[in-house]
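J.: Dumping the structure here so I can ask a few things about it.
The values are calculated or read from the model by the stated rules, or taken from the named source; none is laboratory data. On a predicted model such as this, the values are computed, not experimentally measured, just so you know. Cβ placement follows ideal geometry from the backbone for every residue including glycine, while neighbour counts extend to all protein chains displayed.
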Amino acid sequence: MKKVLSLILTLIVILVLVFAVTTTALADTSGTASGQPDLVAGLIDKAADIVQTAILAVIGILGAWVSRKLTASTELKNVGLAWDKLIDAANITVGELKQTTVDELKAAHADGKLNKSEVSMLRKKLIDKTLEKMSKPAYDILIAAGVDVQALILGAGDAFIQEIKRGTFPEGALLQGVVVDD
């Protein structure tokens, strides 16, 4: 943010200086200086026009550059926010699936372990339910940024499952987004 403000202030100072110099240089004295031929006066006028055009071109280029930097900064911020929303949605979905499906599936097995087809089914449900929770604009931002959304969902889900297994997840994290009847 400091860089952006610095660039904007620099641009303002340049504009003030340019317009102060060009208005002085182009001031109409209602005639030529005594003793100067018309050719020299014409060359001075043309040189002033060229300098003014060059300065305005530089200002335009600087403005485009500042605008591009601001746009890139905003896009990165939006991608980061969409990324965080997707991870939050994946974590909530893991908690929901654990409470509604995983515990029942594990209880159905003597060893309490899930088989490969059940894990595959749960991973598909994780992707589907997480995408249902995502807003369309956030999803579109991630796609436009080239993010593999399904891989991100599965990665976030796997990381959260590992936190659950280690017991390092925050208190009440499994209840996020899940309505609990009292």
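J.: Which residue pairs have Cβ atoms under 9 Å apart, sit 6 or more places apart or on different chains, and have a first residue in region 117-129 that is more than 11 Å from Thr101 (Cα to Cα) and modelled with pLDDT of 90 or more and a second that is acidic (Asp, Glu) and surrounded by 15 or more Cβ atoms within 10 Å (Cβ to Cβ)?
T.: Lys129/Glu96
Conditions (1) assigned to a helix (DSSP H, G or I); (2) at positive phi; (3) not assigned by TED's automatic domain parsing to the domain that holds Val13, marked per residue:
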{"residue": "Trp65", "(1), (2), (3)": "yes, no, no"}
{"residue": "Trp83", "(1), (2), (3)": "yes, no, yes"}
{"residue": "Lys98", "(1), (2), (3)": "yes, no, yes"}
{"residue": "Glu104", "(1), (2), (3)": "yes, no, yes"}
{"residue": "His109", "(1), (2), (3)": "no, no, yes"}
{"residue": "Tyr139", "(1), (2), (3)": "yes, no, yes"}
{"residue": "Gly146", "(1), (2), (3)": "no, yes, yes"}
{"residue": "Ile153", "(1), (2), (3)": "yes, no, yes"}
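J.: Considering only residues that are assigned to a helix (DSSP H, G or I) and of a type outside the set (Ser, Thr, Tyr), which ones fall in region 111-126?
T.: Within region 111-126, Lys116, Glu118, Val119, Met121, Leu122, Arg123, Lys124, Lys125, Leu126 qualify.
J.: If you don't mind, there's one more thing I want to ask. At pLDDT 90 or above and either part of a helix (DSSP H, G or I) or out of contact with any Ser or Thr (no Cβ under 8 Å at 6 or more places or on another chain) (or both): does that describe Thr168?
T.: Against the criterion (at pLDDT 90 or above and either part of a helix (DSSP H, G or I) or out of contact with any Ser or Thr (no Cβ under 8 Å at 6 or more places or on another chain) (or both)), Thr168 does not qualify.
J.: Looking only at region 67-96, count every residue that is of a type in the set (Phe, Trp, Tyr) and over 14 Å from the mean Cα position of the chain (by Cα) and tell me the total.
T.: So the count comes out to 0.
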